[in-house]
Amino acid sequence: STTLTVYRGSGQLRSGAQTVTIPEGFGARAEVGERIAPVHRLPLAPVWTALPPAVLLDPSPSLVGAYGAGVTSPGDNGVPAPAEWHVQVARDEAFTVLESDARPALAVDHLALAITPGQRFVRVSALDAERYEGPFGPVARVAVVSTALTPTAEPYRESLSLPAGVSCTLDGDPVAAGSSTVLDRLRFHTLRCAPEGDGGAAAEATFERAAR
């Protein structure tokens with residue numbers, strides 16, 4: 001079988017002598033040797049009910065967020081309800097390098113995924129009972145910053161690497177994104193990071209003094 005879903009514009013599905021035009025927000029399926037079924041309304045794009053944090057600070061962070069079905073317009077009763085979700089976590093904004101590609105059941109309406117440090121992009125779509133998949137909802141961008149320290153050749157000096165896309169301060173002083181900085185482990189330190197160009201949504205980590 002061949003399924004065509006149209007998220008923007010319109011498309012055509014041809015099977016033998018039959019051609020069906022599919023408008024935006026609909027899909028159709030052609031089975032071999034059978035007539036094309038009538039066009040099918042797609043489920044709406046899901047919405048974030050709890051947006052994942054913009055910055056995570058942890059050696060092995062867990063991505064947390066929640067999502068739900070898109071809101072229908074008043075009087076619109078033809079939109080199919082979700083029967084399953086499609087959740088993707090990618091390393092790039094085009095979603096060509098996927099770190100996670102899952103299809104959780106309808107009851108699983110939240111994220112709790114272990115992800116590695118770096119920039120991550122998250123999106124969710126819905127599938128209905130007929131296995132038609134609607135468009136993806138808004139993309140959530142998450143910067144995962146590892147607070148793991150790397151020893152240097154100098155005693156009580158350890159290095160901290162920061163990814164691009166975040167704006168961080170160490171003890172109140174700015175630290176360049178995408179670079180490494182050396183911590184004096186005989187002192188207490190506070191690291192604060194926020195999305196680059198965003199004054200809020202900061203995450204904080206502390207580093208206790210090391211024992212001599």
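The values are calculated or read from the model by the stated rules, or taken from the named source; none is laboratory data. Small disclaimer: the values here were computed from a predicted structure and weren't measured. Cβ placement follows ideal geometry from the backbone for every residue including glycine, while neighbour counts extend to all protein chains displayed. These area figures cover heavy atoms from the full protein model, side chains too; ligands, DNA and RNA do not enter into them. Shrake-Rupley method; radii C 1.70, N 1.55, O 1.52, S 1.80 Å.
Can you tell me what the convex hull of the Cα atoms of the range 25-74 projects to on average, as an area in nm²?
Numbers: hull surface 26.6 nm².
Over all viewing directions, the range 25-74 projects a mean Cα-hull area of 6.7 nm².
With label points built 7 Å along Cα→Cβ from the Cα atoms of Glu208 and Arg41, find their separation and express it in nm.
Taking the two extended label points, one gets 5.8 nm.
Going toward the positive end of the dipole of the chain, with +1 on Lys and Arg Cβ and -1 on Asp and Glu Cβ, which of Leu13, Val142, Pro43 do you reach last?
Of the listed residues, the answer is Leu13.
Cut-off 10 angstrom, C-alpha nodes, Gaussian network model of the chain. Which of Pro135, Pro155, Pro59 fluctuates the most?
Result for the chain, Cα springs under 10 Å: Pro155 fluctuates most.
Return P(r) of the range 173-212 (all Cα-Cα pairs; 10 Å bins starting at 0; whole %; ordered from short to long distances).
Spelled out bin by bin, the range 173-212 gives 24, 50, 23, 3 percent.
Ratio of alpha-carbon Rg to the 2.2 N^0.38 Å globular estimate for the chain, to two decimals, please.
Values: Rg = 23.2 Å, N = 212, 2.2 N^0.38 = 16.8 Å.
That works out to 1.38 for the chain.
Over all alpha-carbon pairs in the range 144-212, figure out the percentage whose distance exceeds 17 Å. Working shown, then result.
Details: 895 of 2346 pairs.
It works out to 38 percent of all Cα pairs.
So what are the radius of gyration and Dmax for the Cα set of the range 92-207, in Å?
Cα-based Rg and Dmax for the range 92-207 come out at 18.4, 63 Å.
Give me the percent of the accessible area of the range 65-212 that comes from carbon and sulfur atoms, probe 1.4 Å, all protein chains in place.
Answer for the range 65-212 is 51 percent, counting heavy atoms of protein chains only.
Defining a contact as two alpha carbons under 8 Å apart and six or more residues distant in sequence, what relative contact order in percent does the chain show? All intermediate terms of the calculation are to be shown ahead of the outcome.
Working: 516 pairs, mean separation 35.0, N = 212.
Dividing the mean separation by the residue count of the chain yields 16 percent.
Looking at the calculated P(r) for the range 110-167, what percent of the C-alpha pair distances fall above 18 Å?
Values: 952 of 1653 pairs.
Every Cα pair in the range 110-167 considered, those over 18 Å come to 58 percent.
Sum up the charges of everything whose Cβ sits under 10 Å from the Cβ of Ala126, counting Lys and Arg as +1 and Asp and Glu as -1, but leave Ala126 out. Kindly include the intermediate steps, with their values, before the conclusion.
Numbers: positive: none; negative: Glu84, Asp128, Glu133.
Neighbour charge sum, excluding Ala126 itself: -3.
Under 25 °C and 0.890 mPa s, how fast does the range 45-141 diffuse according to Stokes-Einstein, given a Kirkwood radius computed over C-alpha pairs? Answer in µm²/s, whole number. The partial results should precede the final answer.
Working: Rh = 14.0 Å.
Estimated via Stokes-Einstein, D reaches 175 µm²/s.
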